[in-house]
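Here is the structure we will look at, set down as structure tokens.
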Amino acid sequence: MLLSLSVHRDRCPALVWPPPPPPSLLRALRGPARAAASLGRFVPAGPEAEHMRSVFATALNTPVNAAYLGLPAAATEAPTSWAFDAPGSILLIVLHGSLLARLHPPQPSPAPDTTLWLHTIEVLYVPPSYRLSLTHGPAAALLLCLSFDTARTSV
């Protein structure tokens, strides 16, 4: 993930398929995340995400915030979307489920929006110049979101 950040940082979004993490790590993150995640809102992550947050903070040489986000399963034909404008870069780590992510390039831009299906264990990097909207998938999704100010990073 850090290598991908060093290549794509502040330039363009990137989708990363890291090797499967140890099942114990996913269990450790999913349990508290399910309890804390508020549907459609970011909720600060607890101590179970501290190691991952601190690894990124050290590597990027900048403060990194960790939060959970829960998205409900699609219950109707008209899916609900959530749009996010973050003050810096975001790494979305899918802990459970799947969702549709739409990346909106900075305006004015001739580039079209990019739409991706994200699944468990996939990671999406969103640079600060892009807007992000998420739409729930057929099953509930659970995300760990790491956010940081790219102006102060040194990958």
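Quick check: residue separation of I121 and S133 times 0.36 nm, minus the Cα distance between them. What number comes out in nm? Write out the running numbers ahead of the final one.
Details: separation 12, 0.36 × 12 = 4.32 nm, distance 1.90 nm.
My answer for the length gained is 2.4 nm.
Express in nm, to one decimal, how much length is gained between T114 and H51 on full extension, taking 0.36 nm for each residue of separation and deducting their alpha carbon distance.
Residue separation times 0.36 nm, minus the Cα-Cα distance, leaves 19.6 nm.
Values in this text are rule-based calculations from the coordinates and carry no lab data. Small disclaimer: the values here were computed from a predicted structure and weren't measured.
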